[in-house]
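Every number in this text was worked out from the coordinates using simple rules, so none of it is lab data. Because the structure is predicted, anything quoted here is derived from the model rather than measured. Cβ placement follows ideal geometry from the backbone for every residue including glycine, while neighbour counts extend to all protein chains displayed.
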Amino acid sequence: MNVGNRHYRSIWPLAAADGRRAVGIVDQTRLPIEFVTVELETWTQVRTAIASMQVRGAPLIGVAAAYGLALAMREDDSDAALARGFADLLAARPTAVNLRWALERMQTLLRQTPRGQRAERAWAEAGRIAEEDVACNRAIGGHGAALIAGMQRSVRRTLNILTHCNAGWIATVDFGTALSAIYQAFDAGIDLHVWVDETRPRNQGLLTAWELGAHGVPHTLIVDNAGGHLMRQGAVDLVLVGADRVTRHGDVCNKIGTYLKAVAARDNNVPFYAAVPSTTIDWTIADADAEIEIELRGADEVRSVAGRGADGHAATVAIADARTPVLNPAFDVTPARLLSGIITERGVAAANALANLFSESKRACARATI
Ligand code: MRU
């Protein structure tokens, strides 16, 4: 997507003439105050970037981890280094399954690849994973835009869509998932407006507002608690979110606060959809509450807010006593029964009928778990 007049992806490979490799990223901890790009030259830098949320969003952390493992193979392409890189990158963040999916795909390939060839093959495979993500998001956007267009035709006025967190281009390699649908609908001339949840404590909604603003999409930033009120007022026609992990039965694990929006949507007969690439579906699990590790992040994220200081630079301000006890779960689970459907790269399905779109994944998983 464009920033100013220049096209950016959220991650890109860098290859120097002398053979050195690195990946470029947009440092998301600085957005939307500053647009800063960073070059990561080692796999440990990639791991730190994932853990610190310089790169974030389920699809993007998977692609970043794949490049991380490729950088690890350049340092040392032994089996031991492969195992260490896999384990350490996997531990960077626990909830989004895309991280594990990408690392397992890399590991499978590299185990079949003789030493000496691993670094190059890993680099190429990470690039393929990145390109597939872009194609997948474009397809999700097409299916989602058709859904949005149909809803707008039936309301015959501006369609109001509420979104939570950031499921935009910056959370993927390009286009986004939920926002890909919104971009494609908007580009096709559909009359729409987006309510953007702020998404405390990391305020990913500010990234969403920044993205939508750059694309010219009408939007309004709201505090996280406003969505239910707006639904009762009839000011929300559709809730559209991304996801970090979806069970085979269609339960959706996404940014903390998603569940409350789904409950309010059900109470107000507002359709609630998640836009999800197949890389976010975890066919190995059936019980989200029992089997998904919900990331618990640090207390300082809750006790402070980040913004622009009086000097115009990024600043963090304490808003609670440093000794205030804090609990900071980063994700929650929305049960399939609260979803109107799930939008994937293969089309839209009822949440509990995802397997109809991905029968080969389900079969492969059943074989693997026998
Ligand atoms: O903690 P984050 O910012 O990595 O969480 C991201 C989300 O929860 C997104 O909504 C989700 O990954 C979908 S991204 C296409």
Arrange E345, E131 by Cβ neighbour counts within 10 Å, fewest through most, would you? E131, E345
Stokes-Einstein D (µm²/s) once Rh is taken as the Kirkwood radius of the range 90-135 over alpha-carbon pairs, at 37 °C in 0.692 mPa s: 287 µm²/s
Rg and Dmax of the range 1-46, Cα atoms, in Å? 11.9, 35
Express the C-alpha Rg of the chain as a ratio against the empirical globular expectation 2.2 N^0.38 Å, rounded to two decimals. 0.97
Selected from L221, L212, L90 as most flexible by GNM, with the chain as the system and alpha-carbon contacts under 10 Å: L221
Charge dipole magnitude, Cβ of K and R +1, D and E -1 - the chain, Cα centre, debye nearest 20: 540 debye
So, relative contact order of the range 214-315 in percent, Cα under 8 Å, 6 or more apart, is 26 percent
Choose one answer from A286, A274, A171: the residue with the largest mean-square fluctuation in a GNM of the chain with alpha-carbon springs under 10 Å. A286
Can you tell me, using C-alpha contacts under 8 Å and at least 6 residues apart, the relative contact order of the range 1-136 as a whole percent? 20 percent
Once both labels are modelled 7 Å past Cα along the beta-carbon direction, what's the A51-A286 spacing in nm? 3.5 nm
In whole angstrom, largest first, the equivalent ellipsoid semi-axes that the Cα gyration tensor gives for the range 21-139 are 23, 15, 13
If you average the sequence gap of Cα pairs under 8 Å that are 6 or more apart and divide by the length of the chain, what percent do you get for the contact order? 15 percent
Mind checking which helices in the chain clear 27 Å along their axis (Cα) and have mean Kyte-Doolittle hydropathy of 1.0 or more, DSSP H runs only? none
In whole Å, what are the Cα extents of the range 129-206 along the three principal axes, biggest one first? 38, 31, 14
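Take the Cα atoms of the range 33-85, build their convex hull, and give its volume per residue in Å³.
Per residue, the Cα convex hull of the range 33-85 comes to 75 Å³.
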Is it possible to state the helix-based mean residue ellipticity at 222 nm for the chain, with each DSSP H run of 4+ residues giving -39500 (n - 2.57), the sum divided by total residues, to the nearest 500 deg cm²/dmol? What is it? -12500 deg cm²/dmol
Strictly greater than 20 Å: what percent of every Cα pair in the range 271-370 meets that? 58 percent
Please state the Cα pair-distance histogram of the range 184-234 with 5 angstrom bins from zero: what percent is in each bin? 5, 20, 26, 21, 18, 9, 1
Just going by the charge dipole of the range 174-217, with Lys and Arg at +1 and Asp and Glu at -1 on Cβ, which of T208, I190, L179 is farthest out on the positive end? T208
Computed Rg/Rh for the range 175-313 (Cα atoms; Rh = Kirkwood radius) stands at 0.98
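Sort V55, V348 by Cβ crowding within 10 Å, fewest neighbours at the top.
Final ranking by Cβ density, sparse to dense: V348, V55.
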Under a Cβ-Cβ cut-off of 14 Å, what is the net charge of the residues other than S180 that fall near it, where Lys and Arg count +1 and Asp and Glu count -1? -3
